[in-house]
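Engineer: Dumping the structure here so I can ask a few things about it.
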Amino acid sequence: MIPSATATRDGRRLILREAVREDARALIRAVDAVSRERRFFLRSSFELDVEAEGAWLAQARRRGDLILLGLVEKRLAGWVTLLRHRQEFRRHVSELGIGVLREYRGLGVGGALMTTTLEWAAENHVERVELSVRAGNIPALRLYKSLGFAQEGYRTRSVKDDQGAYHDDVLMALFL
């Protein structure tokens with residue numbers, strides 16, 4: 001299943017594969033670029049040590065996690081992190097995070113990443129996938145609902161940006 005190849009909506013080749021140590025620098029740059037948009041994540045930048053990030057990526061599978069990359073024309077277009085909970089009674093649950101670089105949004109990259117991640121989760125004994133998303137991120141909410149995620153909660157004014165504006169957070173989950 002992984003790696004796999006498909007096409008974006010505009011016909012470019014999309015490769016999905018697991019991240020490896022050597023992807024650390026590109027992944028840090030991509031997460032930082034989306035973070036700096038200040039619209040999606042809970043941080044305004046993502047500046048990590050490349051060696052530490054590389055070591056974390058190299059150990060993902062051993063921890064029971066998936067770090068999936070989507071590459072368009074060999075350039076990182078998006079990623080998913082699926083991190084398994086470590087607590088004794090929550091080991092059946094993984095937390096999902098996703099990002100797609102601005103220039104690749106609307107091309108099916110997010111959908112392909114999500115579909116492949118959920119297939120991997122089911123094959124690897126993840127029973128429940130959880131995520132949170134800002135209430136104003138309508139394209140993401142639409143995608144999650146189309147994949148079967150259900151809204152389980154709503155955190156009012158849970159995010160306060162650097163301009164002082166509040167944003168609500170939607171809690172969603174999918175039981176596989």
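The values are calculated or read from the model by the stated rules, or taken from the named source; none is laboratory data. Bear in mind that the values here come from a model prediction, so they are computed numbers and not experimental data. FYI the Cβ positions are ideal-geometry reconstructions off the backbone, even for glycines, and counts take in every protein chain you see. Accessible surface is based on the protein model in full, side chains and every heavy atom, while ligands, DNA and RNA are left aside. Shrake-Rupley method; radii C 1.70, N 1.55, O 1.52, S 1.80 Å.
Engineer: Report whether or not V109 is under 14 Å from the mean Cα position of the chain (by Cα) and either at pLDDT 95 or above or not polar (S, T, N, Q) (or both).
Structural biologist: Judged against the criteria, V109 is a match.
Engineer: Can I ask one more? Considering E95, E47, E22, E51, which residue is under 28 Å from P139 (Cα atoms) and touching a residue at least 24 places away in the same chain (Cβ under 8 Å)?
Structural biologist: One residue alone meets the criteria, E95.
Engineer: Here's something else I'd like to know. I'd like the residue in the stretch 49-71 that is out of contact with any Asp or Glu (no Cβ under 9 Å at 6 or more places or on another chain) and closer than 30 Å to G11 by Cβ and, out of all such residues, is most open to solvent (accessible area, probe 1.4 Å).
Structural biologist: L71
Engineer: Then there is this: Output the number of residues of the stretch 20-39 satisfying the condition of being of a type outside the set (A, V, I, L, M, F, W, C), touching a helix residue (DSSP H, G or I) at 6+ places or on another chain (Cβ under 8 Å), farther than 18 Å from P3 by Cα and in a helix (DSSP H, G or I).
Structural biologist: Count: 1.
Engineer: Name every residue in the stretch 151-165 that is open to solvent by less than 50 Å² (accessible area, probe 1.4 Å) and at pLDDT 95 or above, in order of residue number.
Structural biologist: Listed by number, the list holds a single entry, G153.
Engineer: Check the stretch 28-35 and report whether any residue there is free of Cβ contacts under 8 Å to residues at least 12 places away in the same chain and either within 21 Å of A121 (Cα to Cα) or not basic (K, R) (or both).
Structural biologist: yes
Engineer: Let me ask another. Run Y144 past the list (1) buried (at least 16 other Cβ atoms within 10 Å of the Cβ); (2) assigned to a strand (DSSP E or B) and report the number of the one that doesn't hold.
Structural biologist: For Y144, the exception is condition (2).
Engineer: Here's something else I'd like to know. Mind checking which residues of the stretch 61-106 are of a type in the set (A, V, I, L, M, F, W, C) and over 16 Å from the mean Cα position of the chain (by Cα)?
Structural biologist: Result: V72, F89.
Engineer: Across the stretch 147-168, what is the number of residues that are in a strand (DSSP E or B), touching a residue at least 12 places away in the same chain (Cβ under 8 Å) and under 15 Å from R39 (Cβ atoms)?
Structural biologist: Adding up the residues that qualify gives 3.
Engineer: While we're on this one: Might you let me know whether the stretch 121-141 holds any residue that is within 13 Å of L176 (Cβ to Cβ), surrounded by fewer than 18 Cβ atoms within 10 Å (Cβ to Cβ), without any contact (Cβ under 8 Å) to a residue 40 or more places away in the chain and polar (S, T, N, Q)?
Structural biologist: No.
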